Amino acid sequence: MSLTKAVPYGRQHIKSVDINAVREVLTADFITQGPKVDEFERALADYCGAKYAVAVSSGTAALHLASLAAGLKKGDEAITTPITFLATSNAILYAGATPVFADIDYETINLDPSSIKRKITSKTKAVFPVDFAGLPAAMAEIATMAKRHRLMVIEDASHALGAEYRHGRVGSCKFSDMTIFSFHPVKHITTGEGGAITTNRRNLYEKLKALRSHGVRRSEKGREKIGGWYYEMQDLGFNYRITDFQCALGLAQLKRIDGFLQKRRKIVAKYDAAFSKLKNLKVPAQRREGQKHAYHLYLLRLQVKKTTQARKALYDTLKQSGILTQVHYIPVYQQPFYRRLFNGNLPHCPNAERYYDEVLSLPLFPDLKSTEQNRTIQVVEDFLSKWKLQ
Ligand SMILES: Cc1ncc(COP(=O)(O)O)c(C=O)c1O
């Protein structure tokens, strides 16, 4: 089967309303630094239940700016999970600080609070929990620990727009100082590339806004005294701006998020119904008391002998049937760059490593066709019945 016809594990959902929204902005006065950015930020903050949102050019940029706004610097440590996209811990390094990896809970695949606790030292300044696959992390426990040790909490909710935790949406920052999102095409809503930070703290909001655009702040006093052109660079910032046409796309998408989540939920229910009958599989941890999953990824976990060989064989078998799965993720500290960084003192997170060996992300996106999902299920079932006989 040709790769262009293959079913990916995730993809965007773009309709004519999205295209029209983008087209409208392309012929307007401002295609960047215009009103759509503010509008998108307001809509996102309202949706999450936060006071402020700052939209930026990617989830990675959001993490970088959050690390800087949190005051991370050389000599500091920040605790995060090894089961995340590289961007989470890379952002700690961008700020000059050292990432420290705590282990995950084998069931939820989110950071295990007791492992975080064991990693806290006098150098720890922040913790970066990830709401992995769309399931909120143990934010209440993390927030309590953070308060006790005066740590900043930066929640990476790239997978979790629309998830709920203790009667609030992820992004409301009830249990974090800042929460970040990614709007990459495989995520719940897309702006092409894009990201955002939500916060309830005005000082962080102002810092983030300035850092997004070269560290420049408006100075009303300076304008009055010197002239209307006056601007002031107070910190070393970046150009992490997002365009107005991207924000128009984000706005059009955000209006339909409930429908996207519903479709994802339906697909997950069908996978669960098929796979929970099979013995050699573990279906994803889904519901926890007081939480709503956002179903970014469907993580199938093989519980068979010779797991690593089985996972590779299943990946290849699905690929031959035109189904492109992915592995989320290789434990970050096993990457060659991180191996060199730790210079032989590699962290060891047994739950993360065990989880990594057994997992495969199956296709999960709003436009996944029923026939494509049926084919995926069938290939997995056939594979398992053959593998058992080996
Ligand atoms: C958990 C997590 N954090 C951060 C990012 C980075 O987001 P972006 O690709 O928008 O830079 C991603 C993207 O895949 C992610 O999955």
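Before moving on, here are some points about what is shown:
- Condition check for Tyr205: surrounded by 17 or more Cβ atoms within 10 Å (Cβ to Cβ), away from the ligand (no atom under 13 Å from the Cβ), outside any strand (DSSP E or B) and aromatic (Phe, Trp, Tyr): yes
- Scanning segment 255-262 for any residue that is of a type in the set (Val, Ile, Thr), over 28 Å from Leu314 (Cβ atoms) and under 18 Å from the mean Cα position of the chain (by Cα) turns up at least one such residue.
- Restricting Ala140, Ala157, Ala146 to those that are over 28 Å from Gln33 (Cα atoms), small (Gly, Ala, Ser) and either open to solvent by 10 Å² or more (accessible area, probe 1.4 Å) or within 16 Å of the ligand (Cβ to nearest atom) (or both) reduces the list to Ala140.
- Scanning segment 174-187 for residues that are closer than 20 Å to Arg212 by Cα and either surrounded by 24 or more Cβ atoms within 10 Å (Cβ to Cβ) or within 10 Å of the ligand (Cβ to nearest atom) (or both) yields Met178, Thr179, Ile180, Phe181, Ser182, Phe183, His184.
- Yes/no for Ile109 being in contact with a helix residue (DSSP H, G or I) (Cβ under 9 Å, 6 or more places away or on another chain) and more than 15 Å from the ligand (Cβ to nearest atom): no
- A residue that is closer than 22 Å to Ala126 by Cβ and surrounded by fewer than 22 Cβ atoms within 10 Å (Cβ to Cβ) cannot be found anywhere in segment 255-266.
- Segment 37-83 - residue that is open to solvent by less than 30 Å² (accessible area, probe 1.4 Å) and polar (S, T, N, Q) and, of those, nearest to the ligand (Cβ to nearest atom): Ser58
- Yes/no for Asp357 being of a type in the set (D, E, K, R), at pLDDT 95 or above and farther than 29 Å from His188 by Cβ: no
- Of all residues assigned to segment 115-134, none qualifies as being within 21 Å of His296 (Cβ to Cβ), in contact with a Cys (Cβ under 8 Å, 6 or more places away or on another chain) and within 14 Å of the ligand (Cβ to nearest atom).
- Count of segment 188-201 residues which are near the ligand (Cβ under 8 Å from one of its atoms) and either more than 16 Å from Phe85 (Cα to Cα) or surrounded by 24 or more Cβ atoms within 10 Å (Cβ to Cβ) (or both): 2
- Within segment 73-92, the set of residues being more than 20 Å from Leu346 (Cβ to Cβ) and out of contact with any strand residue (DSSP E or B) (no Cβ under 6 Å at 6 or more places or on another chain) comprises Lys73, Lys74, Gly75, Ala87, Ala91.
- Condition check for Ala45: under 16 Å from Cys173 (Cβ atoms) and out of contact with any Leu (no Cβ under 8 Å at 6 or more places or on another chain): yes
- Restricting Leu68, Leu44, Leu26 to those that are aliphatic (A, V, I, L, M) and within 30 Å of Pro347 (Cα to Cα) reduces the list to Leu68.
- Any pair with Cβ under 6 angstrom, 6 or more apart, that starts in segment 186-202 at a residue that is part of a loop (DSSP other than H, G, I, E, B) and among the hydroxyl-bearing types (Ser, Thr, Tyr) and ends at one that is surrounded by 24 or more Cβ atoms within 10 Å (Cβ to Cβ) and modelled with pLDDT of 95 or more: Thr190/Phe183; Thr191/Phe183; Thr191/Gln246; Thr191/Leu249; Thr191/Gly250
- Exactly one residue out of Pro82, Pro99, Pro8 is of a type outside the set (A, V, I, L, M, F, W, C) and not assigned by TED's automatic domain parsing to the domain that holds Gly171, and it is Pro8.
- Residues of segment 212-241 that turn out to be in contact with a strand residue (DSSP E or B) (Cβ under 9 Å, 6 or more places away or on another chain), in contact (Cβ under 8 Å) with a residue 12 or more places away in the chain and outside any strand (DSSP E or B), as a count: 12
- Of the candidates Pro129, Pro99, the single residue that is open to solvent by less than 10 Å² (accessible area, probe 1.4 Å) and farther than 28 Å from Gly10 by Cα is Pro99.
- Helices (runs of 4 or more DSSP H) completely within segment 277-381 that count 1 or more residues being within 22 Å of the chain's Cα centre (by Cα) and within 25 Å of Ala160 (Cβ to Cβ): 336-342, 350-358
The values are calculated or read from the model by the stated rules, or taken from the named source; none is laboratory data. Keep in mind that what you see is a predicted model, and the values were worked out from it rather than measured. Note: ideal-geometry Cβ built from the backbone for every residue, glycine included; neighbour counts use all protein chains shown. Areas reflect the complete protein model, heavy atoms only, side chains present, ligands, DNA and RNA absent. Shrake-Rupley method; radii C 1.70, N 1.55, O 1.52, S 1.80 Å.
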